[in-house]
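These notes are about the structure you will find just below.
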Amino acid sequence: MRVVIKDTPAEAARYAADVFTRQLLGQPGSVLGLATGSTPLLLYEELIERCRLGALSFREASTFNLDEYLGLGATHPQSYRYFMDQALFDRIDIDKTRTHFPDAASPDPQKAARDYERCLRDAGGVDLQLLGIGANGHIGFNEPYSSLGSRTRVKTLTAQTVADNARFFSEDEFQPQLALTMGIGTILEARRIVLLATGPAKASAIKQSVEGPITAKCPASALQLHPAATVILDIEAAGALEDPALFRHIEKQDQALSPSANGVAS
Ligand code: F6R
């Protein structure tokens, strides 16, 4: 696992944007795995700007989002499809027929989960997966004690996640407590993974994910098993790590060896 610590959320977002840019320049038809939430917004703004300037294009890319609230259709303003349209897809040159979400409005969510796995497989799997992390260590909506081998399925959100996400809902608005999410096993099949975390609320989950042990209690700790996972942090999210100086040292050495290879090794 490679750990990159930047001074600010904006620098962390730019570093992650460099990884996406390099991926798309090297393989314009890449399959990207994407996340919602507050954390990726700066990264998405950076990608939108680079697209506007002609420095990168999503024209040939496809995307698969990690999760969707169960029961919400694509046009529901609280759906993750709606969020992604607003935050990214409507502002870049992507072909929206190639942007995918689990069909959480399906009358048969178990079948929708199987269909999503099949669709992912047919697309050739994810080349670069973006993850955020919950304060409890969740990735996608794989809450603590999810099987590390899990596949796309329905998950019940924990009270903590519901409370953390309440900020997106108005007081008397219905807030779903179930979601369709890629599994941890599904996520680990991506060829490359970038986890982005910023702010002090993520420091404890990051400590557990990076320093271990690998445990279903902290789903993101499963990334230690992945051969090409990069954890990009701002200084606050890195705040509980035992030895942040070590990661800064490694990063400096890597930059000196290969200045354009941001996040290539693990
Ligand atoms: C959402 C997702 C979640 C979020 C996590 C952090 O698609 O995958 O795992 O990444 O809940 O959310 P924020 O960034 O809002 O703190």
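Values quoted throughout were computed directly from the atomic coordinates according to the rules given, and no laboratory measurement underlies them. Here the structure is a predicted model, which means the values were calculated and not measured. All Cβ positions, glycine included, derive from the backbone under ideal geometry; neighbour counts span all protein chains shown.
Here are the numbers:
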| item | result |
| --- | --- |
| Residue order, fewest to most surrounding Cβ atoms within 10 angstrom, among LYS252, LYS207 | LYS252, LYS207 |
| Cut-off under 5 Å, modelled amide H: who pairs with PHE141 long-range | MET182 |
| For q = 0.16 Å⁻¹, Debye-computed log10 I/I(0) when each Cα of the chain counts as one equal scatterer | -1.28 |
| Net charge contributed by nearby residues that have their C-beta within less than 12 Å of LEU42 (K/R +1, D/E -1) | -3 |
| Positive minus negative residues near LYS155 (Lys, Arg vs Asp, Glu; Cβ under 9 Å) | -1 |
| For segment 81-87, 3J(HN,Hα) per residue [Karplus equation, 6.51 cos²θ - 1.76 cosθ + 1.60, θ = phi - 60°, Hz, x = Gly/Pro] | 4, 4, 4, 5, 4, 5, 7 |
| Residue-wise HN-Hα coupling along segment 95-103, computed from phi with Karplus coefficients 6.51, -1.76, 1.60 (Hz; x: Gly, Pro) | 7, 5, 5, 9, 9, 10, 9, x, 7 |
| Among GLU173, GLU45, GLU60, residue whose mean-square fluctuation peaks in a GNM of the chain (springs only between Cα atoms under 10 Å) | GLU173 |
| Cα-centred dipole magnitude for the chain, charges only on beta-carbon of K, R (+1) and D, E (-1), debye, nearest 20 | 600 debye |
| Close Lys-Lys pairs in segment 2-261, where close means Cα under 29 Å and separation is 8 or more or interchain | 15 |
| Among beta bridges that DSSP assigns inside the chain, antiparallel share in %, nearest 5 | 30 percent |
| The chain: most fluctuating residue of ASN136, ASN65, ASN165 per GNM, C-alpha cutoff 10 Å | ASN165 |
| Placed amide H near THR215: partners under 5 Å, 5+ positions off or other chain | SER221, ALA222 |
| Whole-angstrom gap from segment 235-260 to segment 11-46, using each part's C-alpha centre | 20 Å |
| Peptides ranked, highest mean first, by Cβ atoms within 10 Å: ranges 145-155, 196-206 | 196-206, 145-155 |
| Over segment 61-214: Kirkwood hydrodynamic radius from C-alpha pairwise inverse distances, Å | 16.2 Å |
| Value of [θ]222 nm, deg cm²/dmol, for the chain, DSSP H segments ≥ 4, -39500 (n - 2.57) each, nearest 500 | -10000 deg cm²/dmol |
| Residues LEU178, LEU128 arranged by fewest to most Cβ contacts within 10 Å | LEU178, LEU128 |
